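Dropping a structure here in C-alpha cells format, bear with me for questions.
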2 protein chains.
Amino acid sequence: MAKLQKSIDKKNALVKATIELVNNHGFHATPMSKIAKMANVSPATIYLYFENKQDLVNKTYIEVKTKFTQYAFNTYKESMPVKEGFEIIWKRIAHFKLIECEHAMFLAQCDNTPMIDEPSRQEGIKHLQPLLDLWQRGKDEGIIKPISDYILYAYAINPLSYLMMMQKNGNFLLTETHIEEAYIAAWNSIKI
Amino acid sequence: MAKLQKSIDKKNALVKATIELVNNHGFHATPMSKIAKMANVSPATIYLYFENKQDLVNKTYIEVKTKFTQYAFNTYKESMPVKEGFEIIWKRIAHFKLIECEHAMFLAQCDNTPMIDEPSRQEGIKHLQPLLDLWQRGKDEGIIKPISDYILYAYAINPLSYLMMMQKNGNFLLTETHIEEAYIAAWNSIKI
DNA sequence: AAAAAAAGAATGAACATTCATTTTTATCGT
DNA sequence: ACGATAAAAATGAATGTTCATTCTTTTTTT
C-alpha cells in the first residue's frame, strides 16, 4: 500500500469515527482518545492530521457538507425547467438523508449547535448557492413565491431534517410514500 | 422575603443561567461553576436544588417545554373549528419563538442533540398532544391531509424553528409579514 | 542510516462533585 | 418580644477524574 493512500485511509478513519461518536454523544462528550481508539490510531497521531479538536470537527463538517451538496446537485443542470430542477434536487437531498443518514445527522447537529466555528459555518452555507439560484429563476419566471430564501428553505428543505431525526429516533419509518407526500408538501408551500 | 420565595428565586436564577449559557456554548461546554457564577450562587448550592448537571438540564428542559406549550395552547379551545384552531395555535407558537427567543432556542438545541436523556425527551413530546388531537379531528373532517403526524409537524411547525435560528444568527430579520407568509405556507402544506 | 510517521506515557488544566465551615432561619422557653 | 440554640441553607475550598495536547521513544519508510 502506497504511503499516500495509507495517510488518506487514516484521515478517513478519523473523520468517520468523529461523525459516529459526535452523532451519538455530541462534540464535547467525545474525547479525542475515543476517536483515536475507534480509528485504530494513537491519540497523538490525530495531531499529525489535524491542528486540534476544533479543527478536526470543522474539517469533518466541511467534508461532509461538500459530499452532501455534490450528491444533491449531481444530476441537476441549470438548463432544466424550474419545477423539474427543484424536484430533482429535492429528491436527491431526500435520498441522501435516507441512505447517508449518519452524515446527514452529523450536519444537522452541526447546524443546530455552537459546535462549529463561524467561518466553517459560512463556508458550509456557500455550497447551497445552486439551489438559491434556481429559486431566483423561479421567482423571475413567476413560478415560485417571491418570498425570502430563508422561508423557502424553511418550508421546502428543512422539514426533511426533522423527518430524518424522527426516523433515527425510531419514532417512525420513512418510506418512499412518505418521501412523495413530503415532496408534494414542499412544492405546495413554495409554488405560487 | 419569605424563605420559600427565596428558594424559588434561586432555582429560577439557576434555570435562567443554564438556558443562557447552554444556548451560547452548548451543554458540555458550560461548566457548573459558570452557571453558579451567573446565578450569583456557590457551585455547591446547585446541588441543593438539583441532583447533578444532567438533572439540572433535564428539569430546565421540562420547565421550558411546559411554558412553551402552555403559551401555545393558551387561547385554543377544543370547540373551535379545525382551521381556526390551527391558526391560533400556530400563531401563538410563532409569537413565542419571536418574543421568547432564548427559551425557544434552548428547546431547539435540546431537541437536536443527545443532551437530554430519553425519559425527559418523551415527557416533552407528550405536551404537544392537543395539537395532535386537533390534527386528528381535521383528518376525520376531511380538512387536513391524511398523512403522518410527523410529516404534518415537519411542514407545519418545524420550519418556524429554522426561521428562528436564522433570525438569531443575524442572517435575516423575522417580521410580521414573514410570519404571515410562513403561516400561509404552513397551512398550504397540510390542508387538503 | 537518516528522516518521517506513529506510538504510549506524561503533563497540566478544567471540571463535576463533595466536604468541612460559616451564615441564615426557625423554634422555643422565658 | 427576646435571646439562645438547634436546624437548614449556603459557601469556598478540596478532591479526584477526565481530557486535550505535548513529549520522548519506537517503528516504519526512504
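Name the single residue, out of those in segment B:34-68 being among the β-branched types (Val, Ile, Thr) and away from DNA strand D (no atom under 13 Å from the Cβ), that is farthest from the chain's Cα centre (by Cα).
B:Val57
May I pose another question? Considering only helices (runs of 4 or more DSSP H) fully contained in segment A:20-125, which possess at least 3 residues that are surrounded by 20 or more Cβ atoms within 10 Å (Cβ to Cβ)?
A:53-73, A:82-99, A:101-112
Tell me, yes or no, whether segment B:95-109 has at least one residue that is farther than 29 Å from B:Lys34 by Cβ and away from DNA strand D (no atom under 16 Å from the Cβ).
Taking every residue of segment B:95-109 in turn, at least one turns out to be farther than 29 Å from B:Lys34 by Cβ and away from DNA strand D (no atom under 16 Å from the Cβ).
Given the conditions (1) within 12 Å of DNA strand C (Cβ to nearest atom); (2) in contact with a Pro (Cβ under 9 Å, 6 or more places away or on another chain); (3) within 14 Å of chain B (Cβ to nearest Cβ), and given that A:Leu21 satisfies all but one, which numbered condition is not satisfied?
Failing condition for A:Leu21: (1).
Which numbered condition trips up A:Phe27, out of (1) in contact (Cβ under 8 Å) with a residue 60 or more places away in the chain; (2) within 12 Å of DNA strand C (Cβ to nearest atom)?
(2)
Also, I was wondering about something else. Could you grab me the full set of residues in segment B:177-192 that are open to solvent by 40 Å² or more (accessible area, probe 1.4 Å), touching a residue at least 40 places away in the same chain (Cβ under 8 Å) and assigned to a helix (DSSP H, G or I)?
none
Here's another thing I want to ask about it. Only one of these is more than 28 Å from B:Leu128 (Cα to Cα) and within 16 Å of DNA strand C (Cβ to nearest atom): B:Lys11, B:Lys34, B:Lys59, B:Lys53. Name it.
B:Lys34
What about A:Leu174, is it touching a residue at least 24 places away in the same chain (Cβ under 8 Å) and in contact with a Gly (Cβ under 7 Å, 6 or more places away or on another chain)?
no
Here is a further query. For segment B:104-113, state whether one or more residues are of a type in the set (D, E, K, R) and under 21 Å from B:Gln167 (Cα atoms).
So far as segment B:104-113 goes, yes, one or more of its residues are of a type in the set (D, E, K, R) and under 21 Å from B:Gln167 (Cα atoms).
Another question about this same structure. Go over the candidates A:Tyr162, A:Tyr155 one by one and state the one that is crowded, with 17+ Cβ neighbours inside 10 Å and within 22 Å of A:Tyr76 (Cα to Cα).
Criteria check complete, one pass: A:Tyr155.
Considering only segment A:148-163, I want to know if a residue exists there that is farther than 19 Å from B:Asp111 by Cα and more than 12 Å from every other protein chain (Cβ to nearest Cβ).
Scanning segment A:148-163 turns up no residue that is farther than 19 Å from B:Asp111 by Cα and more than 12 Å from every other protein chain (Cβ to nearest Cβ).
Also, quick follow-up: A:Ile144 - would you say it is touching a strand residue (DSSP E or B) at 6+ places or on another chain (Cβ under 9 Å) and within 14 Å of another protein chain (Cβ to nearest Cβ)?
yes
Failed condition for B:Leu56, given (1) more than 14 Å from chain A (Cβ to nearest Cβ); (2) out of contact with any Leu (no Cβ under 9 Å at 6 or more places or on another chain), with all others met?
For B:Leu56, the failing item is (2).
Counting only residues that are free of Cβ contacts under 8 Å to residues at least 60 places away in the same chain, in a helix (DSSP H, G or I) and among the small types (Gly, Ala, Ser), which one in segment A:126-163 is nearest to A:His103 (Cα to Cα)?
Only one residue fits best here, namely A:Ala154.
OK, next. (1) closer than 27 Å to B:Thr113 by Cβ; (2) away from chain B (no Cβ under 12 Å): which one isn't true of A:Gln129, the others all being true?
(1)
The values are calculated or read from the model by the stated rules, or taken from the named source; none is laboratory data. Quantities reported herein were computed from a predicted structural model and do not represent experimental measurements. As a convention, Cβ positions derive from the backbone with ideal geometry for all residues, glycine included, and neighbour counts pool all protein chains shown. For the accessible areas, the whole protein counts, side chains as well, though only heavy atoms, and no ligand, DNA or RNA atoms are used. Shrake-Rupley method; radii C 1.70, N 1.55, O 1.52, S 1.80 Å.
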